[in-house]
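Contents: one structure, followed by commentary.
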Amino acid sequence: MKRASYWAMAGGLLAAAAIAWWATGERTAQHARAERLACALPEQAASSPHPGMVWVPAGSFDIGDTVYPEETPRRRVRVDGFWMDRTEVTNDEFAAFVKATGYVTVAERPVDTMKNPGLPPELRQPGAVVFVMPNEVRGRGDVNQWWRYTPGANWRHPGGPGTGIDGRGAFPVVAVTIDDARAYARWKGRTLPTEAQWEWAARAARPEPMPSHEQPRNANTWQGLFPVMNSADDGFVGLAPVGCYEPNALGLHDMIGNVWELTADAWTPHRGADPAPPDQVPAGMRPAGAAQQVIKGGSFLCAPNYCMRYRAGARQPQDADLAVSHLGFRTILTAPGP
């Protein structure tokens, strides 16, 4: 997701539209299946040295995939063992960090006009990009049809002013940037996973050949025709609380789907790839030198007709200073294994 693309959307900055999507998504999910505000996670062993984390053993595997150019070339990498959060960081967990430190997220601060020169006044307001389900679309080449830069949107108000996280403490925190994620990780005495660490964990530490590219059934993705119809067969139109779907073989929940996850790695396209996937980024130039991070895992917006990045080997760039409503993170700890 790129910041510069959204500065052309001054005519579409309607917080009311974001609120309408937020409410509509809630109602639709309840009709599909009674939506849960929390999911029961299995208890970890009392003897676990790092509660809330699981051990990812060391190993070697062929990183990457072959569906999109930026996933190639596949190459052999070695990963040492590490501990990883078994779920995405939640609103409750992030709120505890903010309460303890007084931290203010990037989306709550004035926009850095030195990095983004020439912005009109309304686009200098603190905010985040919010997904708004459109009634109709004219092709899928212009993502401005369903993404809105919304002043006042941030981790406390993920859908913009008028929305909130009360009662949603078990949902993954979103509208955070790489700086926010790093600050939280430092406070916990941890770090963010590298792309290789994240992918190895998502593969459940298995070096065998690539899994099927079919849409996963046990994950929060988009069922239907993106972006206008979501049947919510998985029980949720939008975000799901952490841990609502079965974990992988390591005990990690939501490594695929729900929210994209930040990694520690700066974005560098693989050989033969464009700087960003053309079906994900609208036309427009990025600011010179704008930093980007690798994000992994796909989100509740990934569908067979669009994105198809609900795979461990998929990757995508994300502007470092742009908060969005489908992006979160989890942390890792380098410490001896069990």
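None of the figures in this text is laboratory data; all of them are computed from the coordinates on show. Given the structure is predicted, the values throughout are model-derived calculations rather than measurements. FYI the Cβ positions are ideal-geometry reconstructions off the backbone, even for glycines, and counts take in every protein chain you see.
Here are some notes:
- Cα shape, region 92-225, gyration tensor, a/c 1.5 rule: oblate
- Computed from label points 7 Å out along Cα-Cβ, the spacing between V67 and N305 is 1.7 nm.
- Taking the average, over residues, of other Cβ atoms within 10 Å as the packing measure, peptides 326-334, 177-185 rank 326-334, 177-185 from highest down.
- Were the residues from D166 through A58 laid out at 0.36 nm apart, the gain over their Cα-Cα distance would be 35.0 nm.
- Segment D112-R78, length gained on full extension (0.36 nm per residue, minus Cα span): 8.4 nm
- Ranking of V132, V54 by neighbouring Cβ atoms within 10 Å, starting from the fewest: V54, V132.
- Computed lengthening from L37 to E246, 0.36 nm per intervening residue step minus Cα-Cα distance: 73.6 nm
- Cβ-derived FRET efficiency at R0 56 Å, S47 paired with R138, nearest 0.05: 0.45
- Aspartates and glutamates whose Cα lies under 16 Å from that of K99, excluding same-chain neighbours fewer than 8 positions away: E108, D166, D180
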